[in-house]
Amino acid sequence: MNRQNSTYAEFLTKLPDTATYEKPTQEKINDIRNEFRSLFNVGLPDDYIEFLHCTNGLSYDGRNICGVYDEVFLAEYPRKKSMDIIRSNSSFRDTTDITDYILLGKSSIDHIVYNISEKKYKILSNGTMERFGSFDSFIELLYSFYEV
């Protein structure tokens, strides 16, 4: 199967149910799109928004994809604060001074980013920012990142 033509729902069936979270409402997705654009002067990639329609973030085998969490969820799962798309990008931009990337996820050794100017998804070393992979679609990146 061509991974680019695979759907997020198909991909998620390859992971344990505990890896996913309840998908956000369309209203929450719209709110986060607007807030992200307002804060960072760039829109979230459409592939990532499509992913949110299936799950609000992803966490499996030490690899995490950001979600859009509200204060109620974060009170119950405080460790997820670093995986909120707004908070993670604020921190990423403050600590790296890199504004050409949107941080979409991470592991202990990798950053999952969207390169705004190249319109490509990338896996980068979180220390040197060396590129480990470049992908045309978010689904291709997910298959590579999660090695399924």
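Every number here is computed from the coordinates shown, using simple stated rules; none is lab data. Please read these numbers as outputs of a predicted model, since none were measured by experiment. Positions of Cβ are generated from backbone atoms using ideal geometry, with glycine treated the same way; all protein chains shown enter the neighbour counts.
Go ahead and estimate [θ] at 222 nm for the chain from helices alone: -39,500 (n - 2.57) per DSSP H run with n ≥ 4, summed, over the residue count, rounded to 500.
Mean residue ellipticity at 222 nm (helix-derived): -10500 deg cm²/dmol.
Name the shape class, rounded, prolate or oblate, that the alpha-carbon gyration tensor gives for the range 33-110, where a ≥ b ≥ c are the square roots of its eigenvalues, rounded holds for a/c under 1.5, and otherwise prolate holds if a/b is larger than b/c and oblate otherwise.
rounded
Kindly state, to the nearest 0.05, the FRET efficiency for Ile49 paired with Thr96, given R0 = 22 Å and r defined as their beta-carbon distance.
0.40
In whole Hz and in residue order, list the ³J(HN,Hα) couplings for the range 43-52 that follow from phi through the Karplus curve 6.51 cos²θ - 1.76 cosθ + 1.60, θ = phi - 60°; x for Gly and Pro.
x, 6, x, 4, 4, 5, 4, 4, 4, 4
Could you put Leu104, Leu12, Leu44 in order, starting from the residue whose Cβ has the fewest other Cβ atoms within 10 Å?
Leu12, Leu44, Leu104
Name the lysines eligible as straight-distance cross-link partners of Lys80: C-alpha to C-alpha under 25 Å, and not fewer than 8 places from it in the same chain.
Here the lysines satisfying the reach criterion relative to Lys80 are Lys14, Lys23, Lys28, Lys106, Lys122.
Identify the GluC sites (Glu not before Pro) of the range 1-57 meeting these criteria: DSSP loop state and at most 11 other C-beta atoms within 10 Å of the C-beta.
Glu22
Tell me, what is the percent relative contact order of the range 3-146, built from C-alpha pairs under 8 Å that lie six or more residues apart?
19 percent
Which three extents, in angstrom, do the Cα atoms of the range 3-146 have along their principal axes, listed largest first?
Its Cα atoms span 33, 33, 25 Å along the three principal axes.
How long is the gain from Glu71 to Leu39 if the chain were fully straight, where each residue apart is worth 0.36 nm and the alpha carbon distance is subtracted?
The Glu71-Leu39 span can extend by a further 9.7 nm.
In whole Å, how far is the Cα centre of the range 37-52 from that of the range 79-148?
13 Å
Would you list Ile49, Ile102 from fewest to most Cβ contacts within 10 Å?
In order of increasing Cβ crowding within 10 Å: Ile49, Ile102.
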